[in-house]
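Taking it in order: structure first as structure tokens, then the write-up.
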Amino acid sequence: MKTATILEVENLKVYYFTQRGVVRAVDDVSLEIDKGELVALVGESGSGKSTLAYAIMRMVPPPGRIVSGRIVLSGIDITSLSEEEVRKLRWSKVSMIFQGAMNSLNPVMRVGDQIAEVLLYHGAVYDVEEGRKIARELFKLVGLDPERVMSYPHELSGGQKQRVVIAMALALNPDLVIADEPTTGLDVTTQAKIMDTIRDIQRETGISVLLITHDLPLVAEVSDRVYVMYAGKIVETGDVDKIFYTPQHPYTKGLIGAVPSHIGPKKRLIALPGEPPDLRSPPPGCRFHPRCSYAMPICKRKEPPRTGTGPRDFVECWLYAGEEVKKVA
Amino acid sequence: MPRQDQVLVEVDNLYKWFPVRRSFLETLLKGERLFVKAVDGISFSIKKREIYVLAGESGSGKTTTGKVLVGLEKPTRGRIVYDGADISSLSLKEWRRQGLRKKIQMIFQDPYESLNPRQRVLDIVAEPLIVNRVTRDKREIEERVLKILEEVKLTPATEFAYRYPHQLSGGQRQRVAIARAMVLDPEFVVADEPVSMLDASIRASILDLLMYFREHKNVTYLYITHDLATARYVGDRIAIMYLGKIVEKGSVEDVVTNPQHPYTQALVSSIPVPDPKYAREKKRIELKGEIPSPINPPKGCRLHPRCPFAMDICSREEPPEVEIKPGHTVSCWLYVKR
Ligand SMILES: Nc1ncnc2c1ncn2[C@@H]1O[C@H](COP(=O)(O)OP(=O)(O)OP(=O)(O)O)[C@@H](O)[C@H]1O
Ligand SMILES: Nc1ncnc2c1ncn2[C@@H]1O[C@H](COP(=O)(O)OP(=O)(O)OP(=O)(O)O)[C@@H](O)[C@H]1O
Ligand SMILES: [Mg+2]
Ligand SMILES: [Mg+2]
């Protein structure tokens, strides 16, 4: 029997309609997450990771908008819900640890009260006092001294603030937590402890996590499955071992070859040539072709089809397209 | 006597303390003046054409050390010998007179902040030539700028020269910063986290560029980073800093693949490994709590309140530096034979 699917994103397109052109930030993306899975979305700066996360939260900022596709959350198609209906699901069904959130905590409010406020707003508690009580429990869960609910943000270290933000995301017991770069800017020893915390909570509560990061080694450490994003598209997905040991897409291979490791024999780092494209005018055909050492004539002309590589895995690359597809194209 | 590799930079018991600003009343009530002991007695030496890595977590004193070496901060105490001459107490004027402003350069972490947004690439890179009065000839300045832009692979150089920083990607901006540092043909460059703001796929090419200047221009580097995995790929030798002190020194390969100090062990075991199977088996050495304030660092060994192996003596006396094999030293009581 198949375990429950918590999130299903189907052929999603999210564009920013700016005065200087249309930014195709998320362009025909499909992704799914099962109950209890920790799925990583990895990609470089500007590849569209946060935009995809905003879409799942139904919080895409203007001039951005969901252009087409479907987002199904715990069985509910949220793509067409009204803002009011969405608000009921936000935080309680899906919550998000925003990129850089630890630096945007309210500086003049006790951190415990900031959590109590979220609880109060959603009617999960009757008063601030009860909210604070739950905040203490949440602090214990994320490895903070419960007395810290009385602290102000400036009294906490970066790692502690990040724990507060995680506690806040867990406050309403959601099915899915999106963690957008939750450890970026923290020291490695702190990062390791924070990731342990997220992993432990996820295992204990059976919550699903979408971890967004540009840090490939981090993905290897914690995730069950991986989606690799490049220039607005998912170029490859598979379970974590498959992505690291038998990557298919030239971009995934390139990334893995460019990442240093402190263990094992010292291999030569191979730099990927060039830089990611501007999403206002991505290259025609496969968006990776200008940097790809396997590029063929067809790659410059037509977008690659999605080729299945396992029950839930696929790669979007002409190298793996069946002969029939190539002929038609 | 056996010939030794020539030392370019020697740092001997260097201190840099910053006074803590307090109100008059606080000073009156609490008496003593307080200092942030950013760098608190460190020694190391860098050989010619070496890439020497200074690593450690946030606030350990890496950037401060780098700034002292390039003359941006005056040392509080200690000696810096550059190419045989003591430069620790030179005035700014002397610094310039001896040509050190040309010979020693720094590349900063953040390519977004270190470039003036209102200047074109041409002017940014030309600035050191003008400030150091290398030449006033416009044609010659432009020629030198274009040549260095070619070298850092910002091609076509004639096009990039007329762009502004906001018209460049992060990687291209860091290339501009490197061009500016290299345009005077320096001997010694402090590179402060030059790739930590960049994406994985472009980091390797920036590192290749730093290597290029060592191979072809004999540049010596102090490479500052918190990323030990990258350090392994660029560095020859390394010093690990914690709270203003060096805890371990040695060849990068020894220190990173076989760390001995408990702090280095904790650091190394926290680095994510791009190898899922290895990662699942990996054992971590955890430090308790959080890094203390550099204003009042712990007595004895600075790591002792957090160290899983702390003994009595660690809280009382500072550990001596112990050589555990030629060139590999550890400042830790665990290695003192008693
Ligand atoms: N409000 C906006 N208006 C216009 N364009 C935007 C807006 N927000 C993001 N973009 C563009 O959309 C693309 C995707 O951005 P997004 O923030 O989703 O990337 P990301 O993968 O999260 O990057 P990072 O790793 O830097 O956080 C980029 O080209 C970005 O410039
Ligand atoms: N100008 C200054 N005045 C007062 N304190 C300072 C000053 N510059 C640095 N410090 C302090 O000195 C200590 C060491 O700082 P430094 O910037 O050298 O650390 P670092 O190792 O480079 O850290 P990071 O990895 O965060 O860049 C820190 O506690 C810092 O707050
Ligand atoms: Mg983002
Ligand atoms: Mg620094």
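The values are calculated or read from the model by the stated rules, or taken from the named source; none is laboratory data. All figures in this text were calculated on a predicted structure; none of them were measured in a lab. As a convention, Cβ positions derive from the backbone with ideal geometry for all residues, glycine included, and neighbour counts pool all protein chains shown. Ligands, DNA and RNA are stripped out before the accessible areas are found, and what is left, the full protein with its side chains, is counted by its heavy atoms. Shrake-Rupley method; radii C 1.70, N 1.55, O 1.52, S 1.80 Å.
Of all residue pairs spaced 6 or more apart or on separate chains, none has beta-carbon atoms under 8 Å together with a first member in the range A:49-60 that is within 19 Å of A:Val226 (Cβ to Cβ) and in contact (Cβ under 8 Å) with a residue 40 or more places away in the chain and a second member that is part of a helix (DSSP H, G or I) and within 13 Å of ligand 3 (Cβ to nearest atom). For the range B:57-115, taking the residues that are of a type in the set (S, T, N, Q) and closer than 20 Å to B:Asp227 by Cα, the one that is farthest from ligand 3 (Cβ to nearest atom) is identified as B:Thr65. The residues of the range B:287-308 that are more than 16 Å from ligand 2 (Cβ to nearest atom) and surrounded by 14 or more Cβ atoms within 10 Å (Cβ to Cβ), listed by number, are B:Leu287, B:Gly300, B:Cys301, B:His304, B:Pro305, B:Arg306, B:Cys307. Within the range B:259-277, being open to solvent by 10 Å² or more (accessible area, probe 1.4 Å), over 14 Å from A:Leu218 (Cβ atoms) and of a type outside the set (Val, Ile, Thr) holds for B:Pro259, B:Gln260, B:Gln265, B:Ser269, B:Lys277. Take the conditions (1) more than 7 Å from chain B (Cβ to nearest Cβ); (2) outside any strand (DSSP E or B); (3) modelled with pLDDT of 95 or more; A:Ala220 misses just one of them, which is (1).
Of the helices (runs of 4 or more DSSP H) lying entirely inside the range B:226-338, those carrying at least 1 residues that are over 28 Å from A:Leu255 (Cα atoms) are B:262-270, B:312-316.
One residue alone among A:Lys233, A:Lys242 is open to solvent by 30 Å² or more (accessible area, probe 1.4 Å) and charged (D, E, K, R), and that residue is A:Lys242. One residue stands out among those in the range B:54-113 that are open to solvent by less than 20 Å² (accessible area, probe 1.4 Å) and part of a helix (DSSP H, G or I): the one that is nearest to ligand 2 (Cβ to nearest atom), which is B:Lys62.
Taking the range A:291-310 as the range and being more than 26 Å from the chain's Cα centre (by Cα) and open to solvent by 80 Å² or more (accessible area, probe 1.4 Å) as the test, the residues that pass are A:Ser293, A:Tyr294, A:Pro297, A:Lys300, A:Arg301, A:Lys302. The residues listed here are B:Gly78, B:Gly56, B:Gly71; of these, the one that is away from ligand 1 (no atom under 16 Å from the Cβ) and out of contact with any helix residue (DSSP H, G or I) (no Cβ under 8 Å at 6 or more places or on another chain) is B:Gly78. Filter the range A:126-170 for residues that are of a type in the set (Gly, Ala, Ser) and under 29 Å from the mean Cα position of the chain (by Cα) and give the result. Matches in the range A:126-170: A:Gly131, A:Ala135, A:Gly143, A:Ser157, A:Gly158, A:Gly159, A:Ala167, A:Ala169.
The set of residues in the range A:263-288 being surrounded by fewer than 22 Cβ atoms within 10 Å (Cβ to Cβ) and touching a helix residue (DSSP H, G or I) at 6+ places or on another chain (Cβ under 7 Å) consists of A:Ile263, A:Lys266, A:Leu269, A:Ile270, A:Ala271, A:Pro273, A:Gly274, A:Glu275, A:Pro283, A:Pro284, A:Gly285. Within the set B:Val190, B:Val195, the sole residue that is within 14 Å of chain A (Cβ to nearest Cβ) and within 16 Å of ligand 2 (Cβ to nearest atom) turns out to be B:Val195. Would you mind finding the one in A:Ala220, A:Ala167, A:Ala231 that is touching a residue at least 40 places away in the same chain (Cβ under 8 Å) and on the phi < 0 side of the Ramachandran plot? The conditions single out A:Ala167. Quick one: is A:Val188 within 16 Å of ligand 2 (Cβ to nearest atom), more than 12 Å from the chain's Cα centre (by Cα) and among the hydrophobic types (A, V, I, L, M, F, W, C)? Considered against the rule, which asks whether it is within 16 Å of ligand 2 (Cβ to nearest atom), more than 12 Å from the chain's Cα centre (by Cα) and among the hydrophobic types (A, V, I, L, M, F, W, C), A:Val188 comes out as yes. Tell me, which residue of the range A:144-164 that is without any contact (Cβ under 8 Å) to a residue 24 or more places away in the chain, closer than 28 Å to B:Ser60 by Cβ and of a type in the set (D, E, K, R) is farthest from the other protein chains (Cβ to nearest Cβ)? Checking each candidate, the answer is A:Glu155. Name the single residue that is modelled with the lowest pLDDT among those in the range A:174-196 being closer than 15 Å to A:Gly100 by Cα and hydrophobic (A, V, I, L, M, F, W, C). Out of the qualifying residues, it is A:Leu186. Scanning the range A:32-50 for residues that are of a type in the set (Ser, Thr, Tyr) and buried (at least 24 other Cβ atoms within 10 Å of the Cβ) turns up just one, A:Ser47. Just checking, does the range A:282-289 include any residue being within 14 Å of chain B (Cβ to nearest Cβ), away from ligand 1 (no atom under 16 Å from the Cβ) and outside any loop (DSSP other than H, G, I, E, B)? Within the range A:282-289, not a single residue is within 14 Å of chain B (Cβ to nearest Cβ), away from ligand 1 (no atom under 16 Å from the Cβ) and outside any loop (DSSP other than H, G, I, E, B).
Residue by residue, here is whether (1) free of Cβ contacts under 8 Å to residues at least 40 places away in the same chain; (2) more than 16 Å from ligand 1 (Cβ to nearest atom); (3) among the basic types (Lys, Arg) holds:
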| position | (1), (2), (3) |
| --- | --- |
| A:Glu204 | yes, yes, no |
| A:His214 | no, no, no |
| A:Lys267 | yes, yes, yes |
| A:Pro277 | no, no, no |
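For the structure I just gave you, tell me whether B:Ile271 is within 11 Å of another protein chain (Cβ to nearest Cβ), more than 18 Å from B:Lys62 (Cα to Cα) and in contact (Cβ under 8 Å) with a residue 24 or more places away in the chain. Yes; evaluated as a whole, the condition is true for this residue. Among the numbered conditions (1) more than 16 Å from ligand 3 (Cβ to nearest atom); (2) farther than 15 Å from A:Lys233 by Cα; (3) of a type in the set (A, V, I, L, M, F, W, C), the only one that A:Val60 does not meet is (1). Identify the residue in the range B:225-258 that is out of contact with any helix residue (DSSP H, G or I) (no Cβ under 8 Å at 6 or more places or on another chain) and buried (at least 21 other Cβ atoms within 10 Å of the Cβ) and, among all such residues, is nearest to the other protein chains (Cβ to nearest Cβ). Per the criteria, the residue is B:Leu243. Looking at the range B:306-326, is at least one residue at pLDDT below 95 and either at the interface with another protein chain (Cβ under 10 Å from one of its Cβ atoms) or under 30 Å from B:Lys103 (Cα atoms) (or both)? Taking every residue of the range B:306-326 in turn, none turns out to be at pLDDT below 95 and either at the interface with another protein chain (Cβ under 10 Å from one of its Cβ atoms) or under 30 Å from B:Lys103 (Cα atoms) (or both). One residue stands out among those in the range A:185-202 that are without any contact (Cβ under 8 Å) to a residue 24 or more places away in the chain and not acidic (Asp, Glu): the one that is farthest from B:Tyr263 (Cα to Cα), which is A:Ala192.
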